[in-house]
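Worksheet: the structure to be examined is printed underneath.
The values are calculated or read from the model by the stated rules, or taken from the named source; none is laboratory data. As the structure is a prediction and not an experimental result, all values here were calculated from the model. Don't worry about glycine lacking a Cβ; one is built from the backbone with ideal geometry, like all the others, and counts go over all protein chains shown. These area figures cover heavy atoms from the full protein model, side chains too; ligands, DNA and RNA do not enter into them. Shrake-Rupley method; radii C 1.70, N 1.55, O 1.52, S 1.80 Å.
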Amino acid sequence: TLEIDGQVLTQSCAIIEYLNETRGGHLLPDDPAGRARVRTLAYAVAMEIQPVCNLRVAQHAVSLGGSATLEGWMRHFITLGFQGLEPMLTGDTPFCHGTRPGLADLCLVPQVYNAHRWGVDLSPFPRIAAIATRMEALPEVAAAHPDRVKPGA
């Protein structure tokens, strides 16, 4: 949740886009086709991979019985999502779209963290892994790493 400018915003993509629009973050390209592509990449992570890999969702699915385990669920759906995302990351650019980080890169970082957490093999996803490595090297991203940030601190 972000309280800013008299607003209470609660969805990551909405928060990022609001900050981009009000603070000039340059997180979306100037051209409509570029913006649509970046949103497509971001939404592939935020609206296709993340919801089924939400810990509450996965725990509930496993609690229903059967042979599913939490680790197996996460590995399956993260891998499946990355299999769809990797070929979308076309071009020889250091980030998801272009030469600077944007909305899609910001969505990708936490999902790669989740992949590491659950032991997903990233070797079949060299573009995803390379982009995540570049993002994690940025001081702002490193400072916000979940292992360094403690809620309420």
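What is the one condition in (1) open to solvent by less than 40 Å² (accessible area, probe 1.4 Å); (2) part of a helix (DSSP H, G or I); (3) closer than 21 Å to residue 146 by Cβ that residue 95 does not satisfy?
The single condition residue 95 does not satisfy is (2).
Does residue 73 fit the bill of being over 30 Å from residue 29 (Cα atoms), in contact with a Lys or Arg (Cβ under 9 Å, 6 or more places away or on another chain), among the aromatic types (Phe, Trp, Tyr) and surrounded by 11 or more Cβ atoms within 10 Å (Cβ to Cβ)?
No; evaluated as a whole, the condition is false for this residue.
Please enumerate the residues belonging to segment 102-129 that are more than 14 Å from the chain's Cα centre (by Cα) and not charged (D, E, K, R).
Residues satisfying the conditions are 118, 119, 120, 122, 123, 124, 125, 126.
Just checking, which of 44, 14, 33 is in a helix (DSSP H, G or I), within 25 Å of residue 138 (Cα to Cα) and without any contact (Cβ under 8 Å) to a residue 40 or more places away in the chain?
The conditions single out 14.
Tell me whether segment 103-112 contains one or more residues that are of a type in the set (D, E, K, R) and either open to solvent by 60 Å² or more (accessible area, probe 1.4 Å) or outside any helix (DSSP H, G or I) (or both).
no
Name every residue in segment 1-52 that is among the acidic types (Asp, Glu) and under 12 Å from the mean Cα position of the chain (by Cα), in order of residue number.
Of everything in segment 1-52, just one residue is among the acidic types (Asp, Glu) and under 12 Å from the mean Cα position of the chain (by Cα), namely 48.
Quick check on my filter: what residues within segment 81-92 are open to solvent by 60 Å² or more (accessible area, probe 1.4 Å) and either without any contact (Cβ under 8 Å) to a residue 24 or more places away in the chain or of a type in the set (D, E, K, R) (or both)?
Hits for segment 81-92 are 87, 90, 92.
Out of segment 17-30, which residues are part of a helix (DSSP H, G or I) and either open to solvent by less than 70 Å² (accessible area, probe 1.4 Å) or within 18 Å of residue 127 (Cβ to Cβ) (or both)?
Within segment 17-30, 17, 18, 19, 20, 22 meet the criteria.
Scan segment 113-153 for residues that are at pLDDT 95 or above, open to solvent by 80 Å² or more (accessible area, probe 1.4 Å) and of a type in the set (Lys, Arg) and report the count.
The total comes to 1.
With the condition kept exactly as written, say whether any residue in segment 61-68 is closer than 23 Å to residue 132 by Cα, open to solvent by less than 60 Å² (accessible area, probe 1.4 Å) and not aliphatic (A, V, I, L, M).
The answer is no, given that none of the residues of segment 61-68 is closer than 23 Å to residue 132 by Cα, open to solvent by less than 60 Å² (accessible area, probe 1.4 Å) and not aliphatic (A, V, I, L, M).
Condition check ((1) basic (Lys, Arg); (2) open to solvent by 30 Å² or more (accessible area, probe 1.4 Å); (3) at pLDDT below 95) across all residues:
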| site | (1), (2), (3) |
| --- | --- |
| 7 | no, yes, yes |
| 10 | no, yes, yes |
| 13 | no, no, yes |
| 32 | no, yes, no |
| 37 | yes, yes, no |
| 42 | no, no, no |
| 51 | no, yes, yes |
| 54 | no, yes, yes |
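What's the total number of residues in segment 50-79 that are assigned to a helix (DSSP H, G or I) and in contact (Cβ under 8 Å) with a residue 12 or more places away in the chain?
Total meeting the criteria: 12.
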